[in-house]
Amino acid sequence: MNLFIPGPVEVRPELLEQMSRPMIGHRTERFSELYESVVQGLQRLTHTGNRVFVSTSSSTGLMEGSVRNAGSPVLNLVNGAFGKRWHEITLKNGVDADALEFPVGEPVDPDTVQEMLGERSYSAVTMVHNESSTGVLNPLEVAEVVPDDTLFLLDTVSSMGGVDVDVDSLGVDVCLFGTQKCMGLPPGLSFASLSEDALDRSENVEPRGYYFSYGSFCRYDEKRQTISTPNIPLMYALDRQLEYIHDEEGMDARFRRHARMMDMTHSWARGNGFDIYPREGYESRTVTCIENTRGVNIDEAIVKLRDRGYLISNGYGELKGETFRVGHMGDRRPEELEELLGVMDEVFREAT
């Protein structure tokens, strides 16, 4: 099955082969060398000199860890399902939190955020950069209105590796993401870059657990190790993928490729009588959310595509049927996307 969903994504055979390498001990020097290579590659990808920690978990685990370590109260910026999830995670961890909500399909507005921050002092602000439930790419200019004494926590789960995010220039305190989307790898590892302010803040927060405690990460990072047994096969693949991104494809070329595939998908949608769901200028470059302006049966179209060997996604949650989503991220090539769009031409021409 050819995956064109918002994750997980297709994985190059070369990377799958890396995962079959012999196992090593996670407390050995060989592992420490692998760990160090991976961390340096991730720092280069995120443009940061901050520590980058490796977690054998989904990114949701690091979303939880970020608010457990950030203090209270927290302001969660919400304009889609994953921003809403971060708010729910914050509350379920017993942290005092406010949700600043924006209409679905609209971007987070920096001026409105600044007004909210003037009404109450917050320990941290959370934002999902690429809201894959609606296909909205939120503006990173939000970082500019967050006060210096307030941590800025950024979810780049479906953008990092497909969109350039300069962590240090933006002043992002916690930037988290995982393997299974733009990184072009199987699920199983997630990462967080942490500023010194974020690390210092966590020292005064109790309780903050163990597995996602920044203190636990730091103790093992100093030994170039992870807290517990990591997904070593996936780390081998990640190390190779980072080498590929930096030294073979090149980061700028990778970002241009993702932007080109976004343009191709937009052209297809408008050429077939559909519209793009997010507000113009804030469209995701990694997953296109298409508004079902023709009122076709999306479930039926997805089944027909699946019968032809292609998988796209329906709308997320309340947007099911009203929208559908095409993922174009990771190592997908424009020529592969072109093949999909050709098949979609046939399927949606017949759709009712």
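Each value in this text was obtained by applying a stated rule to the coordinates, not by laboratory testing. Since this is a predicted model, take the numbers as computed values, not measurements. In this analysis, Cβ positions are derived from the backbone assuming ideal geometry, glycine residues included, and neighbour counts consider all displayed protein chains.
Once every DSSP H run of n ≥ 4 in the chain is given -39500 (n - 2.57) and the sum is divided by its residues, what mean residue ellipticity at 222 nm do you get, rounded to the nearest 500 deg cm²/dmol? If you can, show how the numbers build up before the last one.
Details: 12 runs with 136 residues, N = 352.
Value at 222 nm, helices only: -12000 deg cm²/dmol.
Put a dot 7 Å past each Cα toward the Cβ at Glu318 and Ser72; how far apart are the dots in nm?
2.8 nm
Residue farthest toward the positive end of the dipole of segment 250-350, with Cβ of Lys/Arg at +1 and Asp/Glu at -1: which of Gly315, Thr288, His258?
The Cα lying farthest towards the positive end belongs to His258.
Mind giving me the FRET efficiency for Ser169 and Ser37? R0 is 30 Å, r the Cβ-Cβ distance, nearest 0.05 is fine. Don't skip to the end; give the middle numbers.
Working: r = 24 Å, r/R0 = 0.81.
It comes to 0.80.
Which residues does a label at Arg30 reach in segment 225-244, if reach means a backbone N under 18 Å from a point 7 Å past the Cα toward the Cβ?
225-226, 229-240
Using 19 Å as the cut-off for backbone N distance, which residues of segment 1-16 belong to the label zone defined by a point 7 Å from the Cα of Glu350 along Cα→Cβ?
2, by backbone N distance to the label point.
With equal scatterers on the alpha carbons only and no solvent term, can you work out the Debye log10 of I(q)/I(0) for segment 250-350 at 0.13 1/Å?
-0.43
Alpha carbon centre of segment 9-56 versus segment 77-132: separation in Å?
If you average the Cα positions of each part, the centres end up 31 Å apart.
Over the chain, what is the percentage of antiparallel beta bridges among all DSSP beta bridges, to the nearest 5? Could you put the intermediate results ahead of the total?
Working: 22 of 42 bridges.
Close to 50 percent.
If we count other beta carbons within 10 Å of each Cβ, what is the order of Val347, Val172, Val303, Val142, fewest first? Mind showing how you got there, number by number?
Numbers: Val347 19, Val172 29, Val303 11, Val142 23.
With the sparsest Cβ surroundings first, the list reads Val303, Val347, Val142, Val172.
Rounded to a whole number, what is D in µm²/s for segment 120-254 from Stokes-Einstein with the Kirkwood radius over alpha-carbon pairs (20 °C, 1.002 mPa s)? Show your work: numbers first, answer last.
Numbers: Rh = 16.4 Å.
Here the translational diffusion coefficient equals 131 µm²/s.
With a cut-off of 8 Å between alpha carbons and a minimum separation of six or more residues, what is the relative contact order of segment 112-200 in percent?
Values: 135 pairs, mean separation 20.6, N = 89.
Taking the mean separation of contacting Cα pairs over the length of segment 112-200, I get 23 percent.
Estimate the FRET efficiency between Lys223 and Ala259 by the formula 1/(1 + (r/R0)^6), using the beta-carbon distance for r and 30 Å for R0, to the nearest 0.05.
0.15
What is the distance, in nm, between label points placed 7 Å from the Cα along the Cα-to-Cβ direction at Asp149 and at Glu300?
Once both label points are built, they end up 6.1 nm from each other.
Taking the Cα centre of the chain as origin, sum charge times position over the Cβ atoms of Lys and Arg (+1) and Asp and Glu (-1), and report the length of that vector in debye to the nearest 20. It would help to have the intermediate numbers written out before the result.
Values: 34 positive and 57 negative charges, 241 e Å.
Approximately 1160 debye in magnitude.
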